[in-house]
1. Quick check: is even one residue across region 98-116 within 18 Å of residue 3 (Cα to Cα), in contact with a helix residue (DSSP H, G or I) (Cβ under 6 Å, 6 or more places away or on another chain) and not polar (S, T, N, Q)?
2. Could you run through region 137-152 and say how many residues are outside any loop (DSSP other than H, G, I, E, B) and either over 16 Å from residue 12 (Cβ atoms) or modelled with pLDDT under 95 (or both)?
3. Only residues that are among the acidic types (Asp, Glu), exposed (fewer than 14 other Cβ atoms within 10 Å of the Cβ) and closer than 16 Å to residue 1 by Cβ: list them for region 159-193, please.
4. Which one of 114, 93 is touching a strand residue (DSSP E or B) at 6+ places or on another chain (Cβ under 6 Å) and surrounded by 12 or more Cβ atoms within 10 Å (Cβ to Cβ)?
5. If I ask for residues that are out of contact with any Cys (no Cβ under 8 Å at 6 or more places or on another chain) and farther than 14 Å from residue 28 by Cα, which ones from region 92-105 would you list?
6. Here is a list of conditions, (1) in a helix (DSSP H, G or I); (2) touching a helix residue (DSSP H, G or I) at 6+ places or on another chain (Cβ under 7 Å); (3) within 19 Å of residue 29 (Cα to Cα), and residue 121 meets all of them except one; can you say which number that is?
Amino acid sequence: MIQIDDVVVSLDILRECFLCDLKSCKGECCIEGDAGAPVEESEVAELEAVLPLIEENLSPAAREVIRKQGVVYRDEDGDLVTSIVNNKDCVFTCYDETGCCYCAIEKAYKAGLTTFYKPISCHLYPIRVANFHTYKALNYHRWDVCKAAVLLGKKNNLPVYKFLKEPLIRQFGEAWYNELVLAASELSAQGLL
């Protein structure tokens, strides 16, 4: 592990390779699991604000879940997460004609309809952030649904931290990210990666 400011980073984030392969996985990370995606308290208002812009892209079942319980709920661990449909799909999922799952929020962002990209936990995946009293811990999350992403990342020699440059800068800032890159370079030169 390395520490930059109040953030402890697992070396797996520097060692492991990853590159989303949507053609292979069809966006399965948005439709599998036992709870919705983690959401920060500050993101709830943004999720609610973007809803009118994306509602037409959501399934009728997702719109009904949102009407009944809102865009988020507390899971069995007490964590704030996106609402889900049928104990499976995130309410913000939408599908293309090939059955590939996309995030309706990200789709609206890319179309220039909103400045909110999507929840930071989704943007940072496969990194998971654990918040402690005095620091945050960044860990690499391994999940079978992402096997194709691991293979494609290895093929392209793309470490997790480079694949996730944009969301890491979004969350921690460019100066922090530059320190992470420098630390990775130094560890690599020492043969530790």
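1. To start, the set of residues in region 98-116 that are within 18 Å of residue 3 (Cα to Cα) comprises none.
No; the residues of region 98-116 include none that is within 18 Å of residue 3 (Cα to Cα), in contact with a helix residue (DSSP H, G or I) (Cβ under 6 Å, 6 or more places away or on another chain) and not polar (S, T, N, Q).
2. Within region 137-152, the first condition is being outside any loop (DSSP other than H, G, I, E, B), and the residues that meet it are 137-140, 144-152.
Checking the rest, the ones that are also either over 16 Å from residue 12 (Cβ atoms) or modelled with pLDDT under 95 (or both) come to 144-152.
Result for region 137-152: 9.
3. Of all residues in region 159-193, those among the acidic types (Asp, Glu) come to 166, 174, 179, 186.
Filter once more, so that each one left must be exposed (fewer than 14 other Cβ atoms within 10 Å of the Cβ): 166, 174, 186.
Matches in region 159-193: 186 only.
4. Details: 114 fails: touching a strand residue (DSSP E or B) at 6+ places or on another chain (Cβ under 6 Å).
Result of the check over 114, 93: 93.
5. Restricting attention to region 92-105, the residues satisfying the condition of being out of contact with any Cys (no Cβ under 8 Å at 6 or more places or on another chain) are 96-100, 105.
Within region 92-105, 97, 105 qualify.
6. Of (1) in a helix (DSSP H, G or I); (2) touching a helix residue (DSSP H, G or I) at 6+ places or on another chain (Cβ under 7 Å); (3) within 19 Å of residue 29 (Cα to Cα), only one is false for residue 121: (2).
So that you can scan it fast, the table gives a plain yes or no per residue for (1) assigned by TED's automatic domain parsing to the domain that holds residue 8; (2) under 23 Å from residue 16 (Cβ atoms):
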site: 79; (1), (2): no, no
site: 89; (1), (2): no, no
site: 94; (1), (2): no, no
site: 119; (1), (2): no, yes
site: 131; (1), (2): yes, yes
site: 147; (1), (2): yes, yes
site: 150; (1), (2): yes, yes
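Quick grid of which residues meet (1) buried (at least 17 other Cβ atoms within 10 Å of the Cβ); (2) free of Cβ contacts under 8 Å to residues at least 60 places away in the same chain; (3) farther than 20 Å from residue 170 by Cβ:
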| residue | (1), (2), (3) |
| --- | --- |
| 25 | yes, no, yes |
| 31 | yes, no, yes |
| 40 | no, no, no |
| 47 | yes, no, no |
| 58 | yes, yes, yes |
| 66 | yes, yes, yes |
| 70 | no, yes, yes |
| 74 | no, yes, yes |
| 84 | yes, yes, yes |
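The values are calculated or read from the model by the stated rules, or taken from the named source; none is laboratory data. Worth saying up front: this structure is predicted, and the values here are computed from it rather than measured. Here Cβ is always computed from backbone atoms with ideal geometry, including for glycine, and neighbour counts include all displayed protein chains.
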